[in-house]
Amino acid sequence: MKFGLIIALAFVAISASLAPSVSAIYLKADFSYVADGRTVSFEDASAGVEIVAWFWTFGEKNTSHEQNPIHTFPGYSTYVVNLTVTNVYGELSTKSRVLDLKQSQTPPYLSSEFLIVLVVIVAGLVVVGLTKDPYVRIGGVVAILLAVVIYAVS
């Protein structure tokens, strides 16, 4: 009888050691983002069993518990964004990314200064082309030259 009990206990001990433990459950935090100026849309891309909580830190005192938050940063700078996910077993996984927000540069041909100069030049050309009065034509040419000079200086 003792021998049978010892074998049964040994079997239970070996079975328990071979069984998957809670810590063997796969959990990996991950995310992607899309920036539009200072506003960034974050998308959770974490993998694992039964994720139940998300905790985001944005590197500037603000946090979120949303799965896919949208956050507006206070300025153009470099921030370290962290996502920590938790599953039903209480396990945690964290992913960090460096986010470098830079002010977008408007192409020079779309700037308001360029468009104003372009309108003045086109108006000057229309005046020069459509009028027969020499003084008005000279005024159109002067307007074109001034617009070009002012744009070149600015």
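A few points about this structure:
- Looking only at segment 38-50, and only at residues there that are of a type in the set (Val, Ile, Thr) and in a strand (DSSP E or B), the one that is farthest from the chain's Cα centre (by Cα): Thr39
- Meets criteria (in contact with a Lys or Arg (Cβ under 8 Å, 6 or more places away or on another chain), modelled with pLDDT under 95 and loosely packed, with under 13 Cβ neighbours inside 10 Å) for Gly48: no
- Residues satisfying the stated conditions in segment 26-37, i.e. in a loop (DSSP other than H, G, I, E, B) and modelled with pLDDT of 95 or more: Ala29, Asp30
- Segment 129-154: number of residues that are assigned to a loop (DSSP other than H, G, I, E, B) and exposed (fewer than 13 other Cβ atoms within 10 Å of the Cβ): 3
The values are calculated or read from the model by the stated rules, or taken from the named source; none is laboratory data. As the structure is a prediction and not an experimental result, all values here were calculated from the model. Cβ coordinates were reconstructed from backbone atoms using ideal geometry, including for glycine residues, and neighbour counts include every protein chain displayed.
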